[in-house]
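*Asks:* Got a structure here, written out as structure tokens. Questions coming.
The values are calculated or read from the model by the stated rules, or taken from the named source; none is laboratory data. Only a predicted model underlies this, so the values are computations on that prediction, with no experimental measurement involved. No Cβ is skipped: glycine too gets one built from the backbone with ideal geometry, and neighbour counts run over all protein chains shown.
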Amino acid sequence: MSIALSVILTAIVALLGLALAFGTLLGFASVRFKVEGNPIVDEIDSLLPQTQCGQCGHPGCRPYAEGIAAGEDINKCPPGGETTIQALADLLDVEATPLDAEHGEEKAKMVAVIREPECIGCTKCIQACPIDAILGSAKHMHTVIESECTGCDLCVEPCPVDCIDMVPVDQGIGDWHWNSPKDTNIIATDRAPGMTNTGAIH
Amino acid sequence: MTSTHASKIIASTRDLSDFHGGIHPQEMKSLSNQTAISKAALPPKLILPLQQHIGNASKVMVDIGQQVLKGQLLAEADGFVSVNLHAPTSGTIESISEQAIAHPSGQSDLCLTLIPDGQDQWCALSPSEDVTQLSNSEIQAKVRQAGIAGMGGAGFPTDIKLQPPKHANIEILILNAAECEPYITSDDRLLRERADEVVAGLNIVASVLQTTTCLIGIEDNKPEAIAALKAATQDSNIEICVIPTKYPSGGEKQLIKILTGKEVPSGKLPADIGIVCQNVGTVAAIYRAVRFGEPLISRITTLTGLQVQQRGNVEVLLGTPINWLLSQYGYQAAKRERLIMGGPMMGFTLTDTEIPVVKTTNCILAPNEKELPLAPPAQACIRCGLCADACPAELLPQQLYWFARGQEYEKAEHHNLFDCIECGACSFVCPSSIPLVQYYRHAKGEIKHQRADQQKSDQARVRFEARQQRLENEQAEKAAKRKARAEAAAKAQAAKKLAESQTTVIDSAKPEATQAAPIQADLKSQTEPTIDVVDLSELKTAWDEAQSKLDKMYDALDAAKENNPEQITKLSRAVEKNQMRVNQTKQAWQKASTKAGSETKTAIVTQTENETKAESQNASEETNKPDLAALETAYEKADSKLAKLENALANAKPEQVEKLTRAVDKNKDRVATAKAEFEAAQQALNQTDKADAPVLEAPVDIPALELAFEKADSKLAKLENALANAKPEQVEKLTRAVDKNKDRVASAKAELEAAQQALSQTDKADAPVLEAQIDIPALELAFEKADSKLAKLENALANAKPEQVEKLTRAVSKNQDRVKAAQDELEQARLNVAAATTTPVNESGTQ
């Protein structure tokens, strides 16, 4: 009886000791290796198009990334479009939903262009540009640095003389790439007789 | 088919390897390799695209309408990876415009249009009799000058291939004469007819690269070309490697594998493993460029396909429109016209027939429908695996197909999509005729596009974060400046108060004196001298203090002159003011000292009486005062809360607006009630005051009223400012706020004026001397304030933006009026004082 009791006591003491040791270790680790901020926000942020346009209802891409991390819908980013939604869905392992039309439609890439003779040099667009892509100073003509412009639209509204146009990005030959072939859904017997594939060239 | 050639050829001494996969399509070379190279006639116009190569488009060096000579530089290489472009013949530049170019997209690009004048007159060239005498850099410069780009199809600038990176030790030079693609025979014919030029060019390249081994890889289906090469290389150590015919043995990596057994690692260049490959046409062009100084202005192109009658190879000027060229060689457009630039495996269908021949055009294929049928519609993939067997890059085409189709580009990349050379072998063997290569090309394009987007978004993020940081820094700087200014202002205020307390000492000297008066009234004979002594000493200290302050200011001014010149004007004004003050105190002291004897006791007595009366009334009023003050603070608190809320409302998000509006309304009510209560209390007080102590009420009330008026005025100014900078949706609200504040300012002003009037009336009746004396410092203060405000405004006006100028000008003029008014008042008050002091006996006598 007493032997059995002592065995039980030893076991309890040993387990308690282990629990304490690991508890201390884990407690120390959780303090020592604490990760500042939410790393998932960075990952989401890196997938967003960084136009800082605010169409999602957040004042920039990072706040939306924080929103998504907190459980917001992933389909509120029109500039990113379906590609971004797909990427976010893959990252977060959620269902990819179609773009929420409430926040706008996915449009072709745009770039802001200032009609320079009409610019009065008020610097309002410069203040509005979230990425400093507009050059100019007070009472001097402004111009958009095309390679930096994300086409976020934010400079259009503050312009007092409405001299900023959003134009589609010029798809030069360098940007062109092949289209995907159209999917056909046919079987062998659908083919016309004689249309066999003997050395046919695509 | 290949075995027939193989029997005729002496096997190379070199051990050849084989590459994985490959196919054996119908060669169709005999269609075009039977006739000698002919020279195409001079076309009526030449279209010269500025981008015929990989890299940056060339920069135009000529003007429209300019006469150019054959071989003249038309467009210059723009950057390292770019090539020159020369005039293929003499003539006039007709236009520089967008025209359709040889590109699978069918898009247009900038082209020069040259109208030949028929003279075909060369510009001055710089030939070299002995190319062995030239240094490497001279050869490289000549090649770059000649504008040669890889003529096998890719169009990579050749001069870059002649300057391999320093770390790469090029050991093997390979001449790619495999020409594995069906139909094309331009290299074959070139070797047969001009093997000497090719070998000379190869020797030049070998000498530049200082390679130890020089190989020629040629398929065994070109025995005549092999024979010609053998003849040309008899005395050299160039090794001719005859390889079995198999598509795509002409692929750079595949040829390297066959000849050397080495594999070019994924994502690397042949130069990284010490090998450089050159195309036959390219080395011939290098020879002509180095030996004769001729730029690349023509090339040999195969015209073939059953729709062309006189099939064969032509030496054609770059820029010759294809439809014109074909029409010269008996081309009949088929019902469903299809023209292919390049071979049947890797070429692309042209969308426009007026596309020019460019540096990379090795073949123009005009097949009929039977000869080269269109691919039948694709069927489902049956996972037969034939494509994997055929793939020369040892990829898994089937997997790549699924990933590309399912847009799983990341997985496709992991399966080495970018090692695909797009040779078309997989599509060729596919029993379901799936256009596999097109899927891969699309996937590659998409991935590149996404990479570019990612890069752009990263760049945008960096810029955005930099901007945020900058704005934060600016904010912090501004806050620090504001704090510093506030501290300075507080210090100045404290100094002013000190000065004021010094000046009020003069005033308080009198009450003190009056307190002493009753006793002194009894002791008539002794009092007068003592009062004068007290008064005079006080005045003297005030003067001294003012003088020392002035000295300090002079010091500060001197320091400012050295350090910050923008403060000089401010300081000098302050100095002037202090000078004035010193003078005043001095005068006061002198007057007091001269008047000490004439000052009568009766005046003092009256003052004492006034004072005691005032004190008794003051005590009775004391009961009302706390209530009023509490009410006032309550009102002010409520008002500031309201302002804060209104502010929040202006900046609020749409979902919060309703809530805030309600809060604002509630607070407005609260403010209104607080105001009403306060006003009621004030009125009650006023009435009691009017009845009881008109003299005392006014001095108490006026500063408070003035303060309120100024507060209201500054708030109005702030609001007007906000209105100027406001967003359109806020304008209405702000306008209303401005109006409300204007009313408030007006009422405050009216109240103030009323109070002042009442005061002046009562003062005239009661105690002008005392009032005037109390009033003067206050007026002076007001004047100074107004003056400094005016200066600030004028400063702001100087720095203002154009749209603000009007408003500021108005503000300035208003303030100027105010300053003038303050000055007038001040002078009036001084006059009053002077009048009062000169006739104190009479005035007090009426009491």
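*Asks:* Being closer than 21 Å to residue B:138 by Cα and among the polar types (S, T, N, Q) narrows it down to one of B:278, B:309, so name that one.
*Replies:* Values: B:309 fails: closer than 21 Å to residue B:138 by Cα.
After applying the criteria, what remains is B:278.
*Asks:* Got a number for residues in region B:83-109 being hydroxyl-bearing (Ser, Thr, Tyr), within 11 Å of another protein chain (Cβ to nearest Cβ) and part of a loop (DSSP other than H, G, I, E, B)? Explain how you work it out, then say what you get.
*Replies:* Pass one, region B:83-109, residues hydroxyl-bearing (Ser, Thr, Tyr): B:89-90, B:92, B:95, B:97, B:105, B:108.
In the following step, the residues that additionally are within 11 Å of another protein chain (Cβ to nearest Cβ) were identified as B:105, B:108.
Checking which are part of a loop (DSSP other than H, G, I, E, B) leaves us with B:105.
Of the residues in that region, 1 qualify.
*Asks:* Here are B:339, B:306, B:317: which of them is buried (at least 23 other Cβ atoms within 10 Å of the Cβ) and out of contact with any helix residue (DSSP H, G or I) (no Cβ under 9 Å at 6 or more places or on another chain)?
*Replies:* Working: B:339 fails: out of contact with any helix residue (DSSP H, G or I) (no Cβ under 9 Å at 6 or more places or on another chain); B:306 fails: buried (at least 23 other Cβ atoms within 10 Å of the Cβ).
Residue meeting the stated conditions: B:317.
*Asks:* Can you find even one residue in region B:202-210 that is outside any helix (DSSP H, G or I), within 19 Å of residue B:132 (Cα to Cα) and within 49 Å of the chain's Cα centre (by Cα)?
*Replies:* Yes.
*Asks:* A further question follows. Answer yes or no: is there a residue in region B:363-375 that is more than 13 Å from chain A (Cβ to nearest Cβ), crowded, with 18+ Cβ neighbours inside 10 Å and in a loop (DSSP other than H, G, I, E, B).
*Replies:* Yes: region B:363-375 contains one or more residues that are more than 13 Å from chain A (Cβ to nearest Cβ), crowded, with 18+ Cβ neighbours inside 10 Å and in a loop (DSSP other than H, G, I, E, B).
*Asks:* A follow-up question, please. Of all residues in region A:88-127 being surrounded by fewer than 12 Cβ atoms within 10 Å (Cβ to Cβ) and aliphatic (A, V, I, L, M), which is nearest to residue A:75 (Cα to Cα)?
*Replies:* A:101
*Asks:* Being facing another protein chain (nearest Cβ under 10 Å) and at pLDDT 95 or above is the filter here, so list the residues in region B:376-392 that pass it.
*Replies:* Residues satisfying the conditions do not exist here.
*Asks:* Check B:322, B:300, B:275 and return the single one that is under 21 Å from residue B:18 (Cα atoms) and in contact with a strand residue (DSSP E or B) (Cβ under 8 Å, 6 or more places away or on another chain). Walk me through it before giving the result.
*Replies:* Details: B:322 fails: under 21 Å from residue B:18 (Cα atoms); B:300 fails: under 21 Å from residue B:18 (Cα atoms).
Selected residue: B:275, the only one of B:322, B:300, B:275 that is under 21 Å from residue B:18 (Cα atoms) and in contact with a strand residue (DSSP E or B) (Cβ under 8 Å, 6 or more places away or on another chain).
*Asks:* In region B:100-114, is there at least one residue being crowded, with 21+ Cβ neighbours inside 10 Å and more than 17 Å from residue B:68 (Cα to Cα)? Walk me through it before giving the result.
*Replies:* We begin by selecting, within region B:100-114, every residue crowded, with 21+ Cβ neighbours inside 10 Å; these are B:101-102, B:111-112, B:114.
Narrowing the set further to residues that are more than 17 Å from residue B:68 (Cα to Cα) leaves B:101-102.
Checked against the condition, which is being crowded, with 21+ Cβ neighbours inside 10 Å and more than 17 Å from residue B:68 (Cα to Cα), region B:100-114 yields at least one hit.
*Asks:* For region A:1-50, what are the residues that are of a type in the set (S, T, N, Q) and free of Cβ contacts under 8 Å to residues at least 24 places away in the same chain? Outline the logic, then answer.
*Replies:* Quick first cut of region A:1-50, residues of a type in the set (S, T, N, Q) only: A:2, A:6, A:10, A:24, A:30, A:38, A:46, A:50.
The answer is A:2, A:6, A:10, A:24, A:30, A:46.
*Asks:* Restricting attention to region B:306-325, does a residue exist that is among the polar types (S, T, N, Q) and either within 14 Å of chain A (Cβ to nearest Cβ) or on the phi > 0 side of the Ramachandran plot (or both)?
*Replies:* no
Condition check ((1) in contact with an Asp or Glu (Cβ under 9 Å, 6 or more places away or on another chain); (2) assigned to a helix (DSSP H, G or I); (3) of a type in the set (Ser, Thr, Tyr)) across all residues:
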position: A:44; (1), (2), (3): yes, yes, no
position: A:86; (1), (2), (3): no, yes, no
position: A:95; (1), (2), (3): no, no, no
position: A:106; (1), (2), (3): yes, no, no
position: A:117; (1), (2), (3): no, yes, no
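*Asks:* Further, regarding this structure: Here are some conditions: (1) out of contact with any His (no Cβ under 8 Å at 6 or more places or on another chain); (2) under 30 Å from residue B:407 (Cβ atoms); (3) among the hydrophobic types (A, V, I, L, M, F, W, C). Residue A:77 meets all but one. Which one does it not meet?
*Replies:* (1)
*Asks:* May I ask you to list the residues in region B:16-56 that are surrounded by fewer than 18 Cβ atoms within 10 Å (Cβ to Cβ) and within 13 Å of chain A (Cβ to nearest Cβ)?
*Replies:* The answer is B:24, B:26, B:54, B:56.
*Asks:* Any residue at all in region A:106-113 that's modelled with pLDDT of 90 or more, out of contact with any Lys or Arg (no Cβ under 8 Å at 6 or more places or on another chain), within 30 Å of residue A:139 (Cα to Cα) and β-branched (Val, Ile, Thr)? Walk me through how you get there before you give the answer.
*Replies:* So the first thing to find is which residues in region A:106-113 are modelled with pLDDT of 90 or more, and the list is A:111-113.
Going one step further and asking which of them are out of contact with any Lys or Arg (no Cβ under 8 Å at 6 or more places or on another chain), we end up with A:111-113.
If we keep only those that are within 30 Å of residue A:139 (Cα to Cα) too, we end up with A:111-113.
Checking which are β-branched (Val, Ile, Thr) leaves us with A:111, A:113.
Yes: one or more hits.
Residues are listed down the side, and each one gets a yes or a no for (1) in contact with an Asp or Glu (Cβ under 7 Å, 6 or more places away or on another chain); (2) part of a loop (DSSP other than H, G, I, E, B); (3) buried (at least 21 other Cβ atoms within 10 Å of the Cβ):
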position	(1), (2), (3)
B:278	no, no, yes
B:281	yes, no, yes
B:285	no, no, yes
B:288	yes, no, yes
B:291	no, no, no
B:300	yes, no, yes
B:323	yes, no, no
B:327	no, no, no
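*Asks:* I've got another one for you. Please enumerate the residues belonging to region A:79-101 that are more than 12 Å from chain B (Cβ to nearest Cβ), in contact (Cβ under 8 Å) with a residue 12 or more places away in the chain and over 10 Å from the mean Cα position of the chain (by Cα).
*Replies:* If the condition is that a residue be more than 12 Å from chain B (Cβ to nearest Cβ), in contact (Cβ under 8 Å) with a residue 12 or more places away in the chain and over 10 Å from the mean Cα position of the chain (by Cα), then A:89, A:92, A:94, A:97, A:98, A:99, A:100 are the ones that fit.
*Asks:* How many residues are surrounded by 17 or more Cβ atoms within 10 Å (Cβ to Cβ) and more than 12 Å from every other protein chain (Cβ to nearest Cβ) when one looks only at region A:143-166?
*Replies:* The total comes to 6.
*Asks:* Would you tally the residues in region B:165-196 being crowded, with 19+ Cβ neighbours inside 10 Å and closer than 19 Å to residue B:143 by Cβ?
*Replies:* Within region B:165-196, the first condition is being crowded, with 19+ Cβ neighbours inside 10 Å, and the residues that meet it are B:170, B:172-192, B:194-195.
Among the residues that remain, those that are also closer than 19 Å to residue B:143 by Cβ are: B:170, B:173-176, B:190, B:194.
So the count comes out to 7.
*Asks:* Let me ask another. For the structure I just gave you, tell me whether residue B:259 is part of a strand (DSSP E or B) and over 19 Å from residue B:362 (Cβ atoms). Quick ask: steps written out before the conclusion?
*Replies:* Details: part of a strand (DSSP E or B): no; over 19 Å from residue B:362 (Cβ atoms): yes.
No.
*Asks:* Same structure, new question: Please go through region A:130-142 and pick out each residue that is more than 8 Å from every other protein chain (Cβ to nearest Cβ) and of a type in the set (A, V, I, L, M, F, W, C).
*Replies:* Just the residues of region A:130-142 that are more than 8 Å from every other protein chain (Cβ to nearest Cβ), to begin with: A:134-137, A:140-142.
Residues satisfying the conditions are A:134, A:135, A:141.
*Asks:* Across region A:110-123, what is the total count of residues that are more than 10 Å from chain B (Cβ to nearest Cβ) and not acidic (Asp, Glu)? Lay out the reasoning, then the answer.
*Replies:* Keep residues of region A:110-123 that are more than 10 Å from chain B (Cβ to nearest Cβ), which gives A:110-119.
Subsequent filtering for residues that are not acidic (Asp, Glu) retains A:110-115, A:117, A:119.
Of the residues in that region, 8 qualify.
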